Amino acid sequence: MAKKNNWLIPSLIGLGVLSVALSLVISSLTEKQKVATRPLARVDLSLGKAFILRKNMTQKEALTRSASLYALDSVETGPDGDATMTFDSAYRIRVQENSLVTLDEEYDRQVILIKRGDVQVEAYGRDGSVMISRDGVRWTATDYETNYRKQANSPNLPDMAPSTEGYTGKKAGGEGLTSEFIQETLRTHRNSFFKCYTQLLQRTPGVSGQASVGFTIERTGKVSNPTVTSSTISDVTFKKCLTEAIRRVEFKSFAGDPISTVFPLKFE
């Protein structure tokens, strides 16, 4: 009897250890499955053509309006297209034309892997929640936009200067946004305006001119009523592109009345 008990106790202990190990493995697999099926972001079509590549790029579908993105999904834009990814952390990141990016997740952080082209941060969120990887170097989304992209910006972007015409903002020290701050914010989006111009050059080589863009900045920082108030370039598609580019700009929130302003752009 003592021999049987000596054999039975180690067996029960072994079965208990094995049961715990199996529970941990099943729990880990279940957690991984939950991560794989949880949307990491939403992507919206902004202009032109864009595609979503799923299942390790073996399944390609056209992006028509909006769709959810999961781990290892990719977004590809055409030569005239761009799409915008929105994250729960409040980040909004635009995938520029002729780009291919893959979305992944590591330790509760979303990672955008740039494989071709570029992205642009349009609205900032919780710092460190979204990472951007390019050429083997990883940045927080904020650092990528404020440091890397500023250094890499093309010098041949359209000139911008604030216009006092229609400006109803505040001077330095007031409750609203100064003209200088608005100009600096728009400068961070110069590539969006330049994209409209490069597309115009493809349709009409050698064209140049000026355009003034009017819009209202609401207290939340969002832009409303964007419009091209005047332009020496008559191309309708070009004007529509400028209007959409302005609409996507987001300023910081502020106290006081909404601000209406007009900004001129020079393209040559």
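Side notes on the structure shown:
- Of all residues in region 108-139, exactly one satisfies the criterion of being polar (S, T, N, Q), under 24 Å from T220 (Cα atoms) and either assigned to a strand (DSSP E or B) or open to solvent by 20 Å² or more (accessible area, probe 1.4 Å) (or both), namely Q120.
- Complete set of residues in region 227-264 that are of a type outside the set (A, V, I, L, M), assigned to a helix (DSSP H, G or I) and in contact (Cβ under 8 Å) with a residue 12 or more places away in the chain: T237, F238, K239, C241, T243, E244, R247
- Any chance D80 is open to solvent by 30 Å² or more (accessible area, probe 1.4 Å), over 17 Å from C241 (Cβ atoms) and either in a strand (DSSP E or B) or among the charged types (D, E, K, R) (or both): no
- Candidates are the residues of region 91-107 that are among the charged types (D, E, K, R) and over 19 Å from Y197 (Cβ atoms); the one that is surrounded by the fewest Cβ atoms within 10 Å (Cβ to Cβ) is E106.
- Qualifying residue in region 198-211 (condition: within 23 Å of G176 (Cβ to Cβ) and open to solvent by 50 Å² or more (accessible area, probe 1.4 Å)): no
- Filter pass, S68 being open to solvent by less than 60 Å² (accessible area, probe 1.4 Å) and farther than 12 Å from V43 by Cα: no
The values are calculated or read from the model by the stated rules, or taken from the named source; none is laboratory data. Just so you know, these numbers come straight off a predicted model, no measurement behind them. When we count neighbours, we look across all protein chains shown, and the Cβ atoms used for this are built from the backbone with ideal geometry, even at glycine. Note: areas computed on protein heavy atoms with side chains; ligands, DNA, RNA excluded. Shrake-Rupley method; radii C 1.70, N 1.55, O 1.52, S 1.80 Å.
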